[in-house]
Structure formats: C-alpha cells, structure tokens
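In what follows, a single structure is set out as structure tokens and then discussed.
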Amino acid sequence: MTETAPGTTRSTTQWTVGQVAERSGVTVRTLHHYDEIGLLRPSRRSASGYRIYTDEDLVRLRHVVVYRRLGFALEEVAVLLDDPDADVAAHLRRQRAAVTSRLGELTELVTAIDRALEAEVSGIQLTREEQRELFGDGYSEEYQQEAQERWGDTEAWRQSQQRTARYTKADWETIKAETDDVNARFVAALQAGEPADGEHAMDVAEAHRQHMARWFFDCSPEFHACISRMYVNDERFRKTYEDQAPGLAQYVRDAVHANAMRQE
C-alpha cells in the first residue's frame, strides 16, 4: 500500500513484516528480534498494532544485512547505523572498503573450506572395492591424496584422521546412510515448497551440521555456513547436489545460513 502526504506528490510504500521477510530473505523471527533490541524498529504500526515498515526502514535493513555478512556484531551494526555523521553514501563507501579489504582473506577462507570438505573423505580405511561400493564410481583416491597435501597441518585434518582411523566398514555404511537420509530430507523439503529459511529446512540443516561434527571434525554453525558456500561455488560439490534435484545446492546453502543465524 502507498500513502501520500497532503500537498506533496511523494508516496511512501508500506510493508508488513511478512512482506519484508519475503523481499529481504530475513526471517520474521529475526525482524522481531531486531525490533526488540532497537536495531530496526518499524516506523509505523497499523490500527491493530501490527508492524508497518517504510522504504526508509528497508534501506536500513539492507545496511544491517550487509554489515552482518561482513561479520559485524549486532551491537557494532547499531553503532555504525546510528552514526550522526553517516548517510547512505557513507555506509556504502564503508561497506565497499570493508569488502575490498577482505577479498584476500575470503579467498584464503574459500580455499580452507574446500580443503575441509575434501578432508571428509580422508582416512577411509577401506579397500578400493569397498570404497566404490559405498561411494560409487565418482570416488577417487586422488581426493584423499590431494587433501593430505593441502590440509595435512591443520586441526580439522588431525581431527578427521583421528576419528576416521578407527572407523570400520559398518561405521562408513552408517555415515553413508545418514548422509543419504539428510540429503533426501533436503530434496523432500525443496520439492514440497518449504522455504529455505523455514523451520523445517533449518532443522534439516542442523541435522547436517551435527552429522559433520559427530563423524569428522568440530563444526560450529558459523563454520558450517562458511562450508555451505562451496556447495554453490565449487562445481564438484554443486553437481553432487544438483544431480539429486535442480536448485538443491542453493537451497542447502540458504538453509544452512538461516540455521546459523537462528543460533546466534
């Protein structure tokens, strides 16, 4: 809906909390939280007391989202946005500078995440025939060798090696069954039209995170979100998901990110 002030031609679009959530990708729960802590309070209320957001509120929300993606805590975001000397252009310049300064760091992080994922298949004490039986013809011994060369001096590699060295064929069968089950749940949620940031999809994402932490290496929600970017950005991992259902890679990534934000 729009509203025009007397004597002017300027109209202000008004948005409900549900509409803002749909447009921005931020959950209703998160918007309620931002309102409660004063980070993003809707400019208006309906006659029934419902939250009503304006175009200006959405601009502020966009800045909140960018700063959060840059790693700022909510308290830091509030300070940045409430700076009396900053305007929209100043925020955009600050955000651009922050992104630019982190390009090198993020490039290294992507490489580290790639190695972490490759480390999942490290330490498998199975014969070649058993490996193919469990993981199919797509499994290659080169992955394990490459993972060791790249990641041999990291804590994630050490954790993975210590844990998987004890696993029997039965353990790997259990791991494979759990992986297939989580993937099947993701596919079912996607095909049922469940939103990636909905409770059901986030619960599946949490099951995925706990599976990784239980069997391979410590996996915090934040690290899980970092790993999930590779499901979209790396062609090997994207294909693994897309072969199961078109659009699944992005869906899993979004569900993992939503789950990480839910646990902040």
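3J(HN,Hα) couplings calculated from phi for segment 25-30 with the Karplus curve 6.51 cos²θ - 1.76 cosθ + 1.60 (θ = phi - 60°) are, in sequence order, x, 8, 5, 4, 4, 5 Hz; Gly and Pro show x. Given 4 °C and 1.567 mPa s, how large is the Stokes-Einstein diffusion coefficient of segment 10-101 in µm²/s, with Rh as the Kirkwood radius over Cα pairs? So the translational diffusion coefficient is about 93 µm²/s.
For Leu40, the residues whose amide H sits under 5 Å from its own are Asp35, ignoring neighbours fewer than 5 places away on the same chain, with H placed 1.01 Å from N.
Under 5 Å between amide hydrogens, which residues at least 5 positions from Tyr53 or on another chain qualify, with H placed 1.01 Å from N in the peptide plane? Amide H neighbours of Tyr53: Trp15, Thr16. For segment 15-68, the alpha carbon positions stretch 33, 22, 20 Å along the principal axes, listed from largest to smallest. Which FRET efficiency value, to the nearest 0.05, is calculated for Val99 and Ala207 with the Förster distance at 35 angstrom and r the Cβ-Cβ distance? Step by step, r from the Cβ atoms, then E = 0.60. Residue separation of Leu81 and Arg44 scaled by 0.36 nm, minus their Cα-Cα distance, works out to 11.4 nm of gained length. Note on Glu36 and Phe72: with the Förster distance fixed at 22 Å, the Cβ-Cβ geometry gives a FRET efficiency of about 0.70.
Taken together, the values in this text are just the output of simple stated rules run on the coordinates, not laboratory data. Here the structure is a predicted model, which means the values were calculated and not measured. Cβ atoms come from the backbone with ideal geometry, glycine included; neighbour counts cover every protein chain shown.
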